[in-house]
Amino acid sequence: MAVQRIFIVEDDLKIAELLAETLRKYHYEVETAKDFDQIIEEFEAFDPHLILLDINLPSYDGYYWCRQLRQQTTCPILFISARSGEMDQVFALENGGDDFITKPFHYEIVLAKIRSHLRRAYGEYAPKQEERSVKAGRIVLFMERMELHVKTEAIPLQKKECTIIELLLSHYPKVVSREQLLEELWDDQAFVDENTLNVNMTRVRKKLADYGVKSVIETVRGAGYRLLLHEEEA
C-alpha cells in the first residue's frame with residue numbers, strides 16, 4: 001500500500017519528536033498533535049493508519065480521547081505511557097486501545113508493534129472474509145475499510161462520512177430523509193444541533209469534490225438528500 005501515516009498524541013515534545021524522527025527514518029508519514037483540545041480535528045485532517053496515544057495529556061486523558069477516536073475510526077491505537085500498573089493496561093484496552101507500550105521503551109519494540117498492527121489491520125494478516133459493499137453505478141463503498149471507490153480512485157472516509165454515503169448509495173436514486181440520517185449518525189437526536197447534519201454533509205461534498213468525483217449530493221428541500229450520479233460515473 002501507499003506510505004502509511006502515524007499520528008502521535010504525546011505532550012512531551014522531546015519524546016514526540018524523537019518518535020516522529022525515528023518513524024520517518026523507516027518511511028512512515030508522521031504527524032504529532034499540536035492542540036490537545038482539538039485531537040479529533042487533527043486526526044480527521046491527517047487520516048492516519050495508526051495512532052500512538054499517551055495517557056497523561058492536558059485537559060482530557062488518553063482514555064477519553066481513545067473513546068472519542070473509536071467513534072471515528074477502527075485503525076489500531078497503541079497506548080504509550082509511563083504508567084505501568086495492570087489496571088492502566090486494562091483501562092487502555094477496555095477504552096478501545098489495541099496495545100500498551102510502557103515508557104521508557106526501546107524503539108525496536110515500538111517499531112515491531114507498529115508493523116505487527118499495520119499488517120493485521122491492512123496487510124498480509126488482515127481478515128480475508130468477504131467485505132460488505134454497496135454500489136450505485138461505478139461508485140462502490142467498502143464499509144469495513146471505509147473506502148469509496150469511484151472508477152479507479154480509492155477515497156478514504158471517516159466513520160460519519162461512510163455512514164452518510166452508505167445511506168445515499170443504498171437508497172439510490174431515492175431521497176434519504178434527514179430523520180434517517182440523524183438516526184444513523186447519532187444515538188440521541190435530541191442533543192444534536194440542527195446545523196450539525198448540514199456541517200457533516202458539507203464535509204462529505206467537499207471530500208468528493210477534492211477527489212474529483214463528478215456525482216453530487218442534492219439537497220431536496222423539506223425532504224432530505226439524494227445522490228445524483230454523473231453520466232461518467234453512472
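The values are calculated or read from the model by the stated rules, or taken from the named source; none is laboratory data. What you see is a predicted model; the values in this text were computed from it and never measured. Note: ideal-geometry Cβ built from the backbone for every residue, glycine included; neighbour counts use all protein chains shown. The protein model used for the area step is the full one, side chains on, heavy atoms only, and it has no ligands, DNA or RNA in it. Shrake-Rupley method; radii C 1.70, N 1.55, O 1.52, S 1.80 Å.
Annotations
- Residues being in contact (Cβ under 8 Å) with a residue 40 or more places away in the chain, in contact with a Phe, Trp or Tyr (Cβ under 8 Å, 6 or more places away or on another chain) and open to solvent by 60 Å² or more (accessible area, probe 1.4 Å) are entirely absent from segment 49-60.
- For the residues Ser116, Ser177, Ser84, the requirement of being modelled with pLDDT under 95 and exposed (fewer than 13 other Cβ atoms within 10 Å of the Cβ) singles out Ser84.
- Residue check for Thr196: exposed (fewer than 12 other Cβ atoms within 10 Å of the Cβ) and either out of contact with any strand residue (DSSP E or B) (no Cβ under 9 Å at 6 or more places or on another chain) or in contact (Cβ under 8 Å) with a residue 24 or more places away in the chain (or both): no
- Any hit, segment 148-155, residues being assigned to a strand (DSSP E or B), more than 30 Å from Pro76 (Cβ to Cβ) and touching a Ser or Thr at 6+ places or on another chain (Cβ under 9 Å): no
- Residue among Arg67, Arg83 that is basic (Lys, Arg), under 22 Å from the mean Cα position of the chain (by Cα) and farther than 20 Å from Glu31 by Cβ: Arg67
- The selection criterion, being closer than 30 Å to Leu169 by Cβ, surrounded by fewer than 17 Cβ atoms within 10 Å (Cβ to Cβ) and modelled with pLDDT of 90 or more, does not hold for Gln129.
- Segments classed as helices (runs of 4 or more DSSP H), wholly inside segment 1-98, with at least 3 members that are of a type outside the set (D, E, K, R) and closer than 23 Å to Ile109 by Cβ: 13-25, 62-70, 86-94
- Among residues of segment 98-125 that are on the phi < 0 side of the Ramachandran plot, those with a beta-carbon under 6 Å from a residue that is open to solvent by 40 Å² or more (accessible area, probe 1.4 Å) and in a helix (DSSP H, G or I) at least six positions away or on a different chain give the pairs Asp99/Lys113; Phe100/Gln89; Tyr125/Arg119.
- Across segment 140-150, the qualifying residues are those that are more than 23 Å from Val3 (Cβ to Cβ) and open to solvent by 10 Å² or more (accessible area, probe 1.4 Å), and the one among them that is nearest to the chain's Cα centre (by Cα) is Met143.
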